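Student: Once you've had a glance at the structure underneath, I'll fire off some questions.
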Amino acid sequence: MLELDHICLSYPAQKGTQAVVCDLSLTLAEGQIACLLGASGCGKTTVLRAIAGFEPLDRGEIRLAGRALSRPGMQIDPEHRQVGMMFQDYALFPHLTVAQNISFGLRRVNAAQRTHRVDDLLEMVDLGALAQRYPHQLSGGQQQRVALARALAPEPSLLLLDEPFSNLDIDARERLAFEVRDILKAAGRTALLVTHNQAEAFAIADQVGIMQHHTLVQWDTPYALHQNPATPEIAAFIRREALMAQRAQACLRGCPDE
């Protein structure tokens with residue numbers, strides 16, 4: 001479904017340009033959920049923006065279902081890519097109800113089809129009883145599900161999720177990651193998300209890519225990454241992230257002052 005073929009991106013800097021993504025390749029099969037995992041500044045969000053059509057490539061090619069979306073000198077506009085995106089802050093319209101937010105991307109669909117599609121999505125994300133509420137009347141997890149339903153409404157070939165759980169408290173993140181996975185699998189969608197949180201990545205993804213030094217250093221299943229890290233550096237990263245998650249959970253239960 002998705003192919004990134006040796007892509008490179010850079011941004012202008014004080015002295016020439018600064019590489020942000022270097023020689024990154026991956027393939028994602030139809031119906032799979034994948035995650036790019038790495039520390040802040042490693043380039044993972046830039047990869048997402050390139051797939052969405054917001055950043056041009058210096059080198060390489062991005063293909064979706066065999067169709068070239070980006071290469072140097074050629075770029076399909078974001079609205080013509082069949083790619084949906086769920087933003088970190090959800091970007092819900094505060095003056096629209098839950099149902100109206102979900103239907104926003106269906107303005108070219110006739111009223112009867114639009115109503116049917118919104119009803120189906122409300123049921124899928126378990127928000128049917130809240131259809132007429134406004135975003136400020138919802139919890140963070142409920143807002144997240146509205147944003148997910150809105151992104152799924154136009155039935156994109158690929159859904160991109162940028163740090164979808166970062167606005168939630170630690171206790172809710174992993175539980176909601178499983179919920180999002182179930183929703184995406186029920187919808188049969190191919191999805192790629194980025195996060196710096198290992199627990200989220202391992203909870204939701206069929207494939208996980210570890211990004212370090214602005215490139216992809218291992219692309220594998222969560223089990224294989226945990227059991228067979230490709231380098232000592234990846235092994236240390238996974239251990240460090242797991243330890244940080246354990247400490248966070250311990251503090252939620254009431255850790256002693258140090």
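The values are calculated or read from the model by the stated rules, or taken from the named source; none is laboratory data. If you're wondering where the values come from, they're calculated on a predicted model, not measured in any experiment. Positions of Cβ are generated from backbone atoms using ideal geometry, with glycine treated the same way; all protein chains shown enter the neighbour counts. Just so you know, the surface numbers come from the protein's heavy atoms only, side chains and all, with ligands and any DNA or RNA stripped out. Shrake-Rupley method; radii C 1.70, N 1.55, O 1.52, S 1.80 Å.
Student: Quickly run through segment 185-203 and pick out the residues that are at pLDDT 90 or above and out of contact with any Asp or Glu (no Cβ under 9 Å at 6 or more places or on another chain).
Tutor: Correct list: K185, A191, L192.
Student: Also: For I210, are the conditions met, namely being touching a residue at least 40 places away in the same chain (Cβ under 8 Å), part of a helix (DSSP H, G or I) and open to solvent by less than 50 Å² (accessible area, probe 1.4 Å)?
Tutor: Taking the combined requirement at face value, the residue does not satisfy it.
Yes/no matrix, rows are residues, columns are (1) assigned to a strand (DSSP E or B); (2) over 14 Å from the mean Cα position of the chain (by Cα):
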position	(1), (2)
L4	yes, yes
S10	yes, yes
V20	yes, yes
C42	no, yes
T46	no, no
I51	no, no
F54	no, yes
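Student: With D126, D58, D89, D23 as the choices, which residue is open to solvent by 80 Å² or more (accessible area, probe 1.4 Å) and closer than 30 Å to Y223 by Cβ?
Tutor: Checking each option against the conditions leaves just D126.
Student: What are the residues in segment 178-200 that are under 25 Å from Q82 (Cβ atoms) and aliphatic (A, V, I, L, M), if any?
Tutor: V180, I183, L184, A186, A187, A191, L192, L193, V194
Student: I've got another one for you. Would you tally the residues in segment 85-118 being within 24 Å of the chain's Cα centre (by Cα) and either in a strand (DSSP E or B) or without any contact (Cβ under 8 Å) to a residue 12 or more places away in the chain (or both)?
Tutor: 3
Student: Filter segment 119-132 down to the residues that are closer than 27 Å to C35 by Cα and assigned to a loop (DSSP other than H, G, I, E, B), then identify the one that is nearest to the chain's Cα centre (by Cα).
Tutor: V125
Student: Residue by residue through segment 61-84, note down the ones that are under 30 Å from Q142 (Cα atoms) and either outside any strand (DSSP E or B) or open to solvent by 40 Å² or more (accessible area, probe 1.4 Å) (or both).
Tutor: Within segment 61-84, P78, E79, H80, R81, Q82 qualify.
Student: Just to be sure, is A52 of a type in the set (G, A, S) and touching a Lys or Arg at 6+ places or on another chain (Cβ under 8 Å)?
Tutor: Here the answer is yes, as A52 does meet what is asked.
Student: Then there is this: Name the pairs whose Cβ atoms lie under 9 Å apart, with the first residue in segment 56-84 and in contact (Cβ under 8 Å) with a residue 24 or more places away in the chain and basic (K, R), the second open to solvent by 30 Å² or more (accessible area, probe 1.4 Å) and assigned to a loop (DSSP other than H, G, I, E, B), and 6 or more positions between them or separate chains?
Tutor: R59/P72; R81/S157
Student: Continuing with the same structure: Sort out which residues of segment 224-248 are at pLDDT 65 or above, open to solvent by 70 Å² or more (accessible area, probe 1.4 Å) and either over 22 Å from R175 (Cα atoms) or aliphatic (A, V, I, L, M) (or both), and write them in order of number.
Tutor: Within segment 224-248, Q227, N228, P232, E233 qualify.
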